[in-house]
Ligand SMILES: [Zn+2]
């Protein structure tokens, strides 16, 4: 009897030790095991051509971070916003470090100061407002970098309240089991999918989040075109899988996930 009780107690201890990472951290709507956020950077034509129709066909809403917006696409982006997708700030000119890729020297982050970068982010908010009529927007840092003239501008950006959140380009295993209400909005994780990405790999990321009760924030660039491109067929296969698993996975915008988590801590 004593031995049985001891074993039971030991088993409970093991459970207790495992529990903090095994239980659902955020109460997602309709008992969903995890939330999936689909984000697309750089205002690319292949997103308008392939992503928006694929998401619309299933009623899913994505998050599109716009930079270097082409005049010819203004009406299309306006329709994307009217369709319920989220438009986010990715700065006007997408300045990254000059070591990232060859760029006009006036539009590398070394040529900026934190103040001039914030000014640019504020200006991009004006374009976003003209496109979607919204007063506030989230942001993704170009290249996942938050340096201007060598200084990190995130604290200035947080104080200025110009954006509601800042998404980066990396995630950790802990993010899949995050209590999303407690995530620092200035450091939103994301996992990038590019050339060679398969629907299978994308689904595996969702499974990680399901096991952790957290979220999976996807980062895409081109889809079936442009650069860092995921094949359109693989992206469609993944969207079809999400549609077939609506009961267990909630697909929403990044702002939508953050707002829900905050309202249901
Ligand atoms: Zn970008």
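The values are calculated or read from the model by the stated rules, or taken from the named source; none is laboratory data. Computed from a prediction, not measured in an experiment: that's the story for all the values here. Virtual Cβ from ideal backbone geometry, glycine too; neighbours counted across all protein chains shown.
In the stretch 167-185, is there at least one residue being loosely packed, with under 14 Cβ neighbours inside 10 Å and within 13 Å of the chain's Cα centre (by Cα)?
Yes, the stretch 167-185 contains a residue that is loosely packed, with under 14 Cβ neighbours inside 10 Å and within 13 Å of the chain's Cα centre (by Cα).
Exactly one of these conditions fails for residue 31: (1) within 16 Å of the ligand (Cβ to nearest atom); (2) closer than 22 Å to residue 258 by Cβ; (3) at pLDDT below 95. Give me its number.
If we test residue 31 against (1) within 16 Å of the ligand (Cβ to nearest atom); (2) closer than 22 Å to residue 258 by Cβ; (3) at pLDDT below 95, just (1) comes out false.
Of the residues in the stretch 33-61, how many are on the phi > 0 side of the Ramachandran plot and buried (at least 17 other Cβ atoms within 10 Å of the Cβ)? Steps first, please.
At the first step, the residues of the stretch 33-61 found to be on the phi > 0 side of the Ramachandran plot are 42-43, 59.
Retained after the next criterion (residues that are buried (at least 17 other Cβ atoms within 10 Å of the Cβ)): 42-43.
Looking only at that region, the number is 2.
When the residues of the stretch 200-256 are filtered to those that are in contact with a strand residue (DSSP E or B) (Cβ under 6 Å, 6 or more places away or on another chain), within 16 Å of the ligand (Cβ to nearest atom) and not in a helix (DSSP H, G or I), which remaining residue is farthest from residue 101 (Cα to Cα)?
In this case the residue turns out to be 217.
Residues that are assigned to a helix (DSSP H, G or I), away from the ligand (no atom under 12 Å from the Cβ) and at pLDDT 95 or above: does the stretch 60-71 have at least one?
Taking the stretch 60-71 and keeping what is assigned to a helix (DSSP H, G or I), we get 71.
Filter once more, so that each one left must be away from the ligand (no atom under 12 Å from the Cβ): 71.
Cutting the leftovers down to at pLDDT 95 or above gives us 71.
Yes, the stretch 60-71 has at least one match.
Considering only residues that are touching a strand residue (DSSP E or B) at 6+ places or on another chain (Cβ under 9 Å) and part of a loop (DSSP other than H, G, I, E, B), look in the stretch 84-93 and name the one that is farthest from residue 43 (Cα to Cα).
We begin by selecting, within the stretch 84-93, every residue touching a strand residue (DSSP E or B) at 6+ places or on another chain (Cβ under 9 Å); these are 85-91.
Checking the rest, the ones that are also part of a loop (DSSP other than H, G, I, E, B) come to 85, 90-91.
Numbers: 85: 13, 90: 9, 91: 11 Å.
The selected residue is 85.
Taking only the stretch 98-130 into account, find how many residues are touching a helix residue (DSSP H, G or I) at 6+ places or on another chain (Cβ under 8 Å), within 15 Å of residue 151 (Cα to Cα) and more than 13 Å from the ligand (Cβ to nearest atom).
Final tally of qualifying residues: 7.
Residues in the stretch 106-123: is at least one within 18 Å of residue 39 (Cα to Cα) and assigned to a loop (DSSP other than H, G, I, E, B)?
Of all residues in the stretch 106-123, those within 18 Å of residue 39 (Cα to Cα) come to none.
Looking for residues that are within 18 Å of residue 39 (Cα to Cα) and assigned to a loop (DSSP other than H, G, I, E, B), one finds none in the stretch 106-123, hence no.
Which numbered condition in (1) touching a strand residue (DSSP E or B) at 6+ places or on another chain (Cβ under 9 Å); (2) within 22 Å of residue 34 (Cβ to Cβ) is the only one that residue 158 fails?
(2)
Are any residues in the stretch 178-210 over 22 Å from residue 65 (Cα atoms) and out of contact with any helix residue (DSSP H, G or I) (no Cβ under 7 Å at 6 or more places or on another chain), and if so, which ones?
178, 179, 182, 196, 200, 201, 204, 207, 210
Are there any pairs, at least 6 apart or on different chains, whose C-beta atoms fall under 8 Å, with the first in the stretch 62-86 and at positive phi and the second away from the ligand (no atom under 16 Å from the Cβ) and part of a loop (DSSP other than H, G, I, E, B), and if so, which?
Sorted first by the residue in the stretch 62-86, then by its partner, the pairs are 84/61.
Evaluate the stretch 83-91: report whether one residue or more is closer than 25 Å to residue 159 by Cβ, away from the ligand (no atom under 15 Å from the Cβ) and surrounded by 14 or more Cβ atoms within 10 Å (Cβ to Cβ).
Yes, the stretch 83-91 contains a residue that is closer than 25 Å to residue 159 by Cβ, away from the ligand (no atom under 15 Å from the Cβ) and surrounded by 14 or more Cβ atoms within 10 Å (Cβ to Cβ).
Looking at 140, 95, 190, can you tell me which residue is within 16 Å of the ligand (Cβ to nearest atom), crowded, with 20+ Cβ neighbours inside 10 Å and more than 30 Å from residue 53 (Cβ to Cβ)?
Working: 140 fails: more than 30 Å from residue 53 (Cβ to Cβ); 190 fails: more than 30 Å from residue 53 (Cβ to Cβ).
None of the others qualify; the one that does is 95.
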